[in-house]
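The values are calculated or read from the model by the stated rules, or taken from the named source; none is laboratory data. Quick caveat: nothing in here was measured; it's all calculated off a predicted structure. All Cβ positions, even for glycine, are placed from backbone atoms using ideal geometry, and neighbour counts span all protein chains on display.
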Amino acid sequence: MNVVVTGLGTTSPLGGDVASTWEAALAGRSGVRTLENDWAEQYGVPVTFAGQLAVRPDEVLSRPETKRMDPSAQMAIVAAREAWADAGTPDVDSERLGSVVSSGIGGVWTLLTAWDTVKERGASRVLPLTVPMLMPNSPTAYVSLEFKARAGAHAPVSACASGAEAIGMGFEMIQSGRADVVICGGTEAAIHPLPISAFASMQALSKRNDDPAGASRPYDVSRDGFVLGEGAGVVVLESEEHAKARGARIYASVLGLGMTADAHHIAAPEPNGAGQTRAMELALERAGLTTADVAHVNAHATSTPVGDMIEARGIRSLLGSHADQVLLSATKSMTGHLLGGAGALESVFTIKALETRTAPPTINVTEPDPELEVDLVRDTPRALPEGQIAAINNSFGFGGHNVALVFGA
Amino acid sequence: MALSKDEVLTGLAEIVNEETDIDVAEVTLEKSFTDDLDIDSLSMMTIVTLAEEKFDVRIPDEKVKDLVTVGDAVDYIASA
């Protein structure tokens, strides 16, 4: 069963929808800015910048919606509405429509705000919607509710691979015959003092407080950690048969999915990248492709000193000399790292790259890591070849989760 | 500090409006929360929790089921 992409949606640090986000990405703009709060003075939070949404959800949602949903679910709903409309609001039997929208962390704002309420004003002031707002399946449940998706609503959690795993699960729901259409993606709203402090405590974040827009610099020799971002990406997947029967516009096909686990360390990737490379291999194998078919890779590349090169070496070892012809993009250089939303937003970028035959740039690379042996798209977009081509989107998560998605068009 | 029923109604209507987008003018004494205003049980519990804080009153859980109409809630809060 062939699975195709018929709708795209996002709300990201670069824009409130796909068109504005893609335009900003092609222009090489950074969505990372200094945070307008006093967390540094009040709590000593050591990192003072992040990739905050370009358009706040309360600018587009009704007031009751913003009160009933955690920000992570609000962002998912904004992206899902765009993707659904973009797909032409498919007419589909509700029992054949699925929802798979993940978050890496869940309703962290709701959880921590409610705990503040308990401490400051007592348990009786905790609002009754707290549990349905904080649960990590809340975004997928709200998407299921809104679009009456009754084939199943899921939220696979694998830290920063969650959004990609959700798309993988949507792909498999259609391939296995459980659904004809699946709304899938990932979301994250974790720009809160606690997650920032915790990521900083594990030395994962860039500390370039004096240069927020230049802080996310994958593959640059002076990269010093990732930049936290927020937002959501959603894609509408559909069986090719269903899409063609309704005359839908088809962006690309989902050709392959590779998922592996490192079983090496709770946070660090396996140093030789074997699990990551195997995920890419499995995805290509399942797609029935060879490495020569790959024209573009949207890398996980979060701008950490160790992680970026493990992945890059894996890509080189998998593709061999063909890596010289593969355009590599690290879009987190512009968006920051959306954690559970990353794999989904980057799938949107990968699909747009195939559609427009344009690989988005990687910004802030002033001096590439000398070990990098893949053709990195720097500063300005570059053209992808015409004809049938394939692109890989990698996502890896704390816990040793490796997900590679292969799209083709 | 006892509040007048008008003051309670105004304050309660504001809470209902914040939570549901129902126009404050629609929130009148004879309206049933569930049948007329279409407020589900979790939203009702939210409104009760916010009303307790706003009016500095205690509305026991077992009392909430008796607050069928807006007027019931206004009477209870104004006399609490």
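Given the options A:SER144, A:SER138, name the one that is of a type outside the set (Phe, Trp, Tyr), touching an Asp or Glu at 6+ places or on another chain (Cβ under 8 Å) and under 20 Å from A:ALA79 (Cβ atoms).
Testing whether each residue is of a type outside the set (Phe, Trp, Tyr), touching an Asp or Glu at 6+ places or on another chain (Cβ under 8 Å) and under 20 Å from A:ALA79 (Cβ atoms) leaves just A:SER138.
Name the residues in the range A:324-381 that are of a type in the set (Asp, Glu) and either touching a Phe, Trp or Tyr at 6+ places or on another chain (Cβ under 9 Å) or more than 13 Å from A:ARG29 (Cα to Cα) (or both), would you?
A:ASP324, A:GLU346, A:GLU355, A:GLU367, A:ASP369, A:GLU371, A:GLU373, A:ASP375 - these are the residues of the range A:324-381 that are of a type in the set (Asp, Glu) and either touching a Phe, Trp or Tyr at 6+ places or on another chain (Cβ under 9 Å) or more than 13 Å from A:ARG29 (Cα to Cα) (or both).
Between a residue in the range B:57-80 that is exposed (fewer than 15 other Cβ atoms within 10 Å of the Cβ) and any residue that is hydrophobic (A, V, I, L, M, F, W, C) and outside any helix (DSSP H, G or I), which pairs come within a Cβ distance under 8 Å, given they are 6 or more apart or on different chains?
B:ARG58/B:ALA80; B:VAL68/B:PHE33
Quickly run through the range A:18-34 and pick out the residues that are crowded, with 20+ Cβ neighbours inside 10 Å and in a loop (DSSP other than H, G, I, E, B).
If the condition is that a residue be crowded, with 20+ Cβ neighbours inside 10 Å and in a loop (DSSP other than H, G, I, E, B), then A:SER30, A:GLY31, A:VAL32 are the ones that fit.
Does the range A:100-138 hold any residues that are closer than 30 Å to A:ILE250 by Cα and out of contact with any Pro (no Cβ under 9 Å at 6 or more places or on another chain), and which are they?
A:ASN137
Every residue in the range B:53-74 that is within 22 Å of B:THR28 (Cβ to Cβ) and within 14 Å of chain A (Cβ to nearest Cβ), please.
B:LYS54, B:PHE55, B:VAL57, B:ILE59, B:LYS63, B:VAL64
Every residue in the range B:12-26 that is away from chain A (no Cβ under 14 Å) and either in a loop (DSSP other than H, G, I, E, B) or closer than 20 Å to A:SER124 by Cα (or both), please.
B:LEU12
Mind counting the residues in the range A:171-197 that are farther than 16 Å from A:ALA79 by Cα and of a type outside the set (Phe, Trp, Tyr)?
Counting residues in the range A:171-197 that are farther than 16 Å from A:ALA79 by Cα and of a type outside the set (Phe, Trp, Tyr) gives 18.
List the number of the failed condition for A:ALA54; all other conditions in (1) surrounded by fewer than 24 Cβ atoms within 10 Å (Cβ to Cβ); (2) among the hydrophobic types (A, V, I, L, M, F, W, C); (3) in contact (Cβ under 8 Å) with a residue 60 or more places away in the chain hold.
Status for A:ALA54: all satisfied but (3).
Out of A:VAL143, A:VAL108, A:VAL157, report the one residue that is in contact with a helix residue (DSSP H, G or I) (Cβ under 7 Å, 6 or more places away or on another chain) and under 27 Å from A:LEU257 (Cα atoms).
Just a single option satisfies the conditions, and that option is A:VAL143.
Test A:THR140 against the stated conditions and say whether it is over 15 Å from A:VAL234 (Cα atoms), at pLDDT 95 or above and of a type in the set (Val, Ile, Thr).
Spelling it out, it is not the case that A:THR140 is over 15 Å from A:VAL234 (Cα atoms), at pLDDT 95 or above and of a type in the set (Val, Ile, Thr).
So, of the residues in the range A:124-140 that are within 8 Å of chain B (Cβ to nearest Cβ) and of a type in the set (A, V, I, L, M, F, W, C), which turns out to be surrounded by the most Cβ atoms within 10 Å (Cβ to Cβ)?
Filtering first and then ranking leaves A:LEU129.
Please enumerate the residues belonging to the range B:25-48 that are more than 12 Å from the chain's Cα centre (by Cα) and hydrophobic (A, V, I, L, M, F, W, C).
B:ALA25, B:LEU42
Kindly indicate the residue of the range A:37-87 that is part of a helix (DSSP H, G or I) and of a type in the set (Gly, Ala, Ser) and also farthest from A:THR110 (Cα to Cα) among those meeting that condition.
Going through the qualifying residues, I end up with A:ALA85.
Which one of A:THR380, A:THR331, A:THR362, A:THR335 is in contact with a Pro (Cβ under 8 Å, 6 or more places away or on another chain), more than 24 Å from A:ALA83 (Cα to Cα) and crowded, with 17+ Cβ neighbours inside 10 Å?
Selected residue: A:THR362, the only one of A:THR380, A:THR331, A:THR362, A:THR335 that is in contact with a Pro (Cβ under 8 Å, 6 or more places away or on another chain), more than 24 Å from A:ALA83 (Cα to Cα) and crowded, with 17+ Cβ neighbours inside 10 Å.
If I filter the range A:177-194 for residues that are surrounded by 19 or more Cβ atoms within 10 Å (Cβ to Cβ), in the same structural domain as A:GLU241 (by TED's automatic domain parsing) and more than 22 Å from A:ALA80 (Cα to Cα), do I get at least one hit?
yes
Quickly run through the range B:27-52 and pick out the residues that are surrounded by 15 or more Cβ atoms within 10 Å (Cβ to Cβ) and within 12 Å of chain A (Cβ to nearest Cβ).
Of everything in the range B:27-52, those that are surrounded by 15 or more Cβ atoms within 10 Å (Cβ to Cβ) and within 12 Å of chain A (Cβ to nearest Cβ) turn out to be B:ILE39, B:SER43, B:MET44, B:MET45, B:THR46, B:ILE47, B:VAL48, B:THR49, B:LEU50, B:ALA51, B:GLU52.
With respect to the numbered conditions (1) farther than 20 Å from A:THR66 by Cβ; (2) assigned to a helix (DSSP H, G or I); (3) touching an Asp or Glu at 6+ places or on another chain (Cβ under 6 Å), which one is the sole condition not fulfilled by A:GLY168?
Status for A:GLY168: all satisfied but (3).
Any residue at all in the range A:211-219 that's surrounded by fewer than 21 Cβ atoms within 10 Å (Cβ to Cβ), in a helix (DSSP H, G or I), away from chain B (no Cβ under 14 Å) and among the acidic types (Asp, Glu)?
Looking for residues that are surrounded by fewer than 21 Cβ atoms within 10 Å (Cβ to Cβ), in a helix (DSSP H, G or I), away from chain B (no Cβ under 14 Å) and among the acidic types (Asp, Glu), one finds none in the range A:211-219, hence no.
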